[in-house]
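The values are calculated or read from the model by the stated rules, or taken from the named source; none is laboratory data. All figures in this text were calculated on a predicted structure; none of them were measured in a lab. Because the Cβ atoms are built from the backbone with ideal geometry, glycine has one as well, and the counts that use them run over all protein chains shown.
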Amino acid sequence: MNFHYPVRPLLTALMTRNRSFYFSNSTYISGTATELIQQAKREQLAPTVYPVYHMLEVNSELKQLVKQGQLCKARDMFEKMDHRDEISWTTLVSGYVNASDSYEALFLFSNMWVQPGLQRDQFMISVALKACALGVNICLGELLHGFSVKSGLINSVFVSSALIDMYMKVGKIEQGCRVFEKMMFKNVVSWTAIISGLVHAGYNMEGLLYFSEMWRSKVGYDSHTFSIALKASADSSLLHHGKAIHTQTIKQGFDESSFVINTLATMYNKCGKPDYVVRLFEKMRMPDVVSWTNLITTYVQMGEEEHAVKVFKRMRKSDVPPNKFTFAAIISACANLAIAKWGEQIHGHVFRLGLVDALSVANSIITLYSKCGLLTSASLVFRGITRKDIISWSTIIAVYSQGGYAKEAFDYLSWMRREGPKPNEFAIASILSVCGSMALLEQGKQVHAHLLCSGVDHEAMVHSALISMYSKCGSVQEASKVFDGLQMNDIISWTAMINGYAEHGYSLEAIDLFEKISSVGLMPDYVTFIGVLTACSHAGMVDLGVFYFLKMTNEYQISPSKEHYGCIIDLLCRAGQLSEAEHMIRTMPFGIDDVVWSTLLRACKEHGDVDRGRWTAEQLLQLDPNSAGTHITLANIYAAKGRWKEVADIRKLMKSKGVIKERGWSWINVNDQLNAFVAGDQAHPQSEHITTILELLRENIGDARLEIRSLHEDVVD
């Protein structure tokens, strides 16, 4: 084990005085210790600039500089002092700890330890333990623990509390709990240290148990104790615990603390009570930046982005300046609204403030531009980030994947593998998504092989993405193999497999899989019901589809969405029950869009219902007067009944409106290059060569037809 050189003199002294606690050999000791001791002596003999004041006055001035954050001036004054006592050393070490500079703090503490005539008191040791926690220096922390036990300083509540905090922060939870249990006297700092350590380590229930025990022991609380208990409630989604703690904050008079109120807001937000967050904010006398940011974030999560923008405008009129988290939240609101103009204005503002390099802000800007369709701007922002994190990479890959730009998405993935962090499940899921949407089966298989080698294939998100990719590429058997290989059942993967079966006509398999969900301890969600309703629609099982629709609302308490109604309408249309489908369209509790009307119109064409088809087409043309598809479908309905005059009238109407039928397009992947084609299009760089090959094929097909016809005539003769 290697140690940084500043603490080696201290290790030497501690191991000499405390051999019973720390068993080791002398390999840790080197000549550097002697050099540092000599250096410390030279510093002690440095020329004196300050006159000889009383130590109380000198230490008071030193403490004031540290308190003001002027560490450079404090260090300069410290090094020029003719005499330094325990308070001088502890004050400066504490300053570096508060500045999160553990290296310099331990360097000073190491020099202080070898100074003759200094007493190692409880305050000095507790500050050193804080530095060990900050720098995750487990070895030195354990050595100081041993010294505390041998010297009796362990009985000090300051030392014991600092030990608990140190062990918790370095990940040694059990040792921290042992120190706590052996304490004869526990104050609010000790209790808060143990509760905070457990909660930050993910042991929320254990933290709440200690909080309850603290309440029974009649020890007073502070705002930090309440906040950490509320965090445990929020992370465990224990709303009733959070409400009980909220009641205690009011009784104890902490409901005026912005620190506690902000934590309460976070708790209610995570527990699905955003309206409580709004109430808390409105009661605050002087909301700080965290309060404003919490409220904006809450509105964004509620889907009320317009309110989030209004709150941001109110904040700008107040005396509270927004920070990087505030800007990240409001940029997310603009992204959800897909209003590029607002986002660009905020982008310019954060650029002027110098916050554009903050990862949370930059990642939000990338998402904003992608949702507004400005992929080039999103790419420029990404390339301008000096230190890209996993979220930055995953976001830019998702941007191009969702836009259908497979080549660019794979390029970014390759760049990420070369220079960035290891691709996580979000980046991989995005790549698999574009493989599925563009039917890139071979590339999807390559990604699958990479997953097996890298060990990311165990994530539920990756499983579902693999199943969806294989299903969309038409390889249902491969999707089934991935599903059968699941080690842990999750509803996302089950839903992906049900949808895969349903989309490819394997309706019975989809329904059978749906019926097995409860047997593995899973609960279907609203997406799962979309899959099984689609399966019923493709199989023409009207009664079963209606049964599942009612079961979703009555048994599982899932409110039907527009997609669920669309599935039932499609089911009724396929079964020829057009009157029932029209009734459901009229009565569903959602705004009627062109999707459901188009479904009914196609069914009218299929079943020859001219009158309902004409009426449905009128509803569609009210939504989109220039819809080529609606005009053409209605013309086909008339043509099927031989009503050519109406067909001619529609053609004339389309011509007068300038409505042109959209041309279909297709694509093919050659050598990892996606080639798109539109009928009559000559924009492809190899258009001439392609046309030449097509002409040769046409000629060969013509010759083959002549040969077949000649052979047929010979056979007949």
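Identify the single condition in (1) more than 22 Å from the chain's Cα centre (by Cα); (2) surrounded by fewer than 19 Cβ atoms within 10 Å (Cβ to Cβ); (3) closer than 17 Å to E425 by Cα that S454 does not satisfy, given that it satisfies every other one.
Unmet condition: (1).
Out of all the residues in segment 598-606, is one or more surrounded by fewer than 16 Cβ atoms within 10 Å (Cβ to Cβ) and not basic (K, R)?
Yes: one or more hits.
Just need a number here: residues in segment 202-227 that are surrounded by fewer than 21 Cβ atoms within 10 Å (Cβ to Cβ) and touching a Ser or Thr at 6+ places or on another chain (Cβ under 6 Å).
Here the count works out to 2.
Take segment 500-515 and flag every residue that is in contact (Cβ under 8 Å) with a residue 12 or more places away in the chain and part of a helix (DSSP H, G or I).
Hits for segment 500-515 are G500, Y501, A502, E503, S507, L508, A510, I511, L513, F514.
When you go through W191, W215 one by one, which is the residue that is over 20 Å from V127 (Cα atoms) and either among the aromatic types (F, W, Y) or assigned to a loop (DSSP other than H, G, I, E, B) (or both)?
Working: W191 fails: over 20 Å from V127 (Cα atoms).
The unique qualifying residue is W215.
Among the candidates T633, T616, T587, which residue alone is modelled with pLDDT under 85 and either under 46 Å from the mean Cα position of the chain (by Cα) or aromatic (F, W, Y) (or both)?
Details: T616 fails: modelled with pLDDT under 85; T587 fails: modelled with pLDDT under 85.
Residue meeting the stated conditions: T633.
Considering only residues that are over 25 Å from the mean Cα position of the chain (by Cα) and either among the charged types (D, E, K, R) or not in a helix (DSSP H, G or I) (or both), which ones fall in segment 194-209?
Pass one, segment 194-209, residues over 25 Å from the mean Cα position of the chain (by Cα): 194-195, 206-209.
Selection gives E206 alone.
Any idea which of (1) among the polar types (S, T, N, Q); (2) buried (at least 22 other Cβ atoms within 10 Å of the Cβ); (3) under 24 Å from L264 (Cα atoms); (4) at pLDDT 90 or above is the one T298 doesn't satisfy?
Checking T298 against (1) among the polar types (S, T, N, Q); (2) buried (at least 22 other Cβ atoms within 10 Å of the Cβ); (3) under 24 Å from L264 (Cα atoms); (4) at pLDDT 90 or above, the one that fails is (4).
Mind counting the residues in segment 74-125 that are assigned to a loop (DSSP other than H, G, I, E, B) and either in contact with a strand residue (DSSP E or B) (Cβ under 6 Å, 6 or more places away or on another chain) or more than 23 Å from S160 (Cα to Cα) (or both)? Steps first, please.
Of the residues in segment 74-125, the ones assigned to a loop (DSSP other than H, G, I, E, B) are 80-85, 99-101, 114-121.
Okay, now just the ones that are also either in contact with a strand residue (DSSP E or B) (Cβ under 6 Å, 6 or more places away or on another chain) or more than 23 Å from S160 (Cα to Cα) (or both), so 80-85, 114-117.
Of the residues in that region, 10 qualify.
Conditions first: (1) more than 20 Å from P524 (Cα to Cα); (2) assigned by TED's automatic domain parsing to the domain that holds G545; (3) touching a Phe, Trp or Tyr at 6+ places or on another chain (Cβ under 9 Å). L508 passes all but one, so which condition is the exception?
Going through the list (1) more than 20 Å from P524 (Cα to Cα); (2) assigned by TED's automatic domain parsing to the domain that holds G545; (3) touching a Phe, Trp or Tyr at 6+ places or on another chain (Cβ under 9 Å), L508 breaks only (1).
Has segment 320-334 got any residue that is aromatic (F, W, Y) and surrounded by 23 or more Cβ atoms within 10 Å (Cβ to Cβ)? If you could, list the steps in order and put the result at the bottom.
Just the residues of segment 320-334 that are aromatic (F, W, Y), to begin with: 325, 327.
If we keep only those that are surrounded by 23 or more Cβ atoms within 10 Å (Cβ to Cβ) as well, we get 327.
The answer is yes, given that some residue of segment 320-334 is aromatic (F, W, Y) and surrounded by 23 or more Cβ atoms within 10 Å (Cβ to Cβ).
Kindly indicate whether S237 is surrounded by fewer than 18 Cβ atoms within 10 Å (Cβ to Cβ), within 22 Å of the chain's Cα centre (by Cα) and either modelled with pLDDT under 85 or polar (S, T, N, Q) (or both).
Details: surrounded by fewer than 18 Cβ atoms within 10 Å (Cβ to Cβ): yes; within 22 Å of the chain's Cα centre (by Cα): yes; either modelled with pLDDT under 85 or polar (S, T, N, Q) (or both): yes.
Here the answer is yes, as S237 does meet what is asked.
All but one of (1) touching a Phe, Trp or Tyr at 6+ places or on another chain (Cβ under 9 Å); (2) surrounded by 21 or more Cβ atoms within 10 Å (Cβ to Cβ); (3) part of a helix (DSSP H, G or I) hold for S148; which doesn't?
All conditions are met except number (1).
Of V277, V199, V219, which residue is outside the structural domain of F158 (by TED's automatic domain parsing), closer than 27 Å to P321 by Cα and not hydroxyl-bearing (S, T, Y)? If you could, list the steps in order and put the result at the bottom.
On the way: V199 fails: closer than 27 Å to P321 by Cα; V219 fails: closer than 27 Å to P321 by Cα.
Going through V277, V199, V219 in turn, the sole match is V277.
Of everything in segment 151-180 that's outside any helix (DSSP H, G or I) and either crowded, with 23+ Cβ neighbours inside 10 Å or not basic (K, R) (or both), which residue is farthest from the chain's Cα centre (by Cα)?
Once the filter is applied, the top-ranked residue is G152.
Just to check your reading of the model, which residue among M523, M497 is modelled with pLDDT of 90 or more and not in a helix (DSSP H, G or I)? Walk me through how you get there before you give the answer.
Details: M497 fails: not in a helix (DSSP H, G or I).
Criteria check complete, one pass: M523.
Considering only segment 181-195, I want to know if a residue exists there that is surrounded by 22 or more Cβ atoms within 10 Å (Cβ to Cβ), touching a Lys or Arg at 6+ places or on another chain (Cβ under 8 Å) and not assigned by TED's automatic domain parsing to the domain that holds L153.
No: zero hits.
In this structure, does V350 turn out to be modelled with pLDDT under 90, more than 30 Å from M267 (Cβ to Cβ) and not polar (S, T, N, Q)? Spell out the reasoning first.
Details: modelled with pLDDT under 90: yes; more than 30 Å from M267 (Cβ to Cβ): no; not polar (S, T, N, Q): yes.
Taking the combined requirement at face value, the residue does not satisfy it.
Among helices (runs of 4 or more DSSP H) lying entirely in segment 557-634, which contain 2 or more residues that are hydroxyl-bearing (S, T, Y)? Spell out the reasoning first.
Working: elements: 562-574, 578-587, 594-607, 610-623.
Those helices (runs of 4 or more DSSP H) span 578-587, 594-607.
Is segment 586-597 home to any residue that is without any contact (Cβ under 8 Å) to a residue 40 or more places away in the chain and over 25 Å from H564 (Cβ atoms)?
Step one: list which residues in segment 586-597 are without any contact (Cβ under 8 Å) to a residue 40 or more places away in the chain, which gives 586-597.
Subsequent filtering for residues that are over 25 Å from H564 (Cβ atoms) retains none.
Among the residues of segment 586-597, not one is without any contact (Cβ under 8 Å) to a residue 40 or more places away in the chain and over 25 Å from H564 (Cβ atoms), which makes the answer no.
I need a count of the residues in segment 68-77 that are modelled with pLDDT of 85 or more and within 20 Å of M124 (Cβ to Cβ).
3
Would you be able to say whether some residue in segment 104-120 is under 22 Å from G69 (Cα atoms), buried (at least 18 other Cβ atoms within 10 Å of the Cβ) and charged (D, E, K, R)?
yes
Within segment 633-640, is even one residue buried (at least 16 other Cβ atoms within 10 Å of the Cβ), under 27 Å from V527 (Cβ atoms) and out of contact with any Leu (no Cβ under 9 Å at 6 or more places or on another chain)? Steps first, answer last, please.
Going through segment 633-640, the residues buried (at least 16 other Cβ atoms within 10 Å of the Cβ) turn out to be 633-635, 637-638.
With the extra rule that they be under 27 Å from V527 (Cβ atoms), the set shrinks to none.
Within segment 633-640, not a single residue is buried (at least 16 other Cβ atoms within 10 Å of the Cβ), under 27 Å from V527 (Cβ atoms) and out of contact with any Leu (no Cβ under 9 Å at 6 or more places or on another chain).
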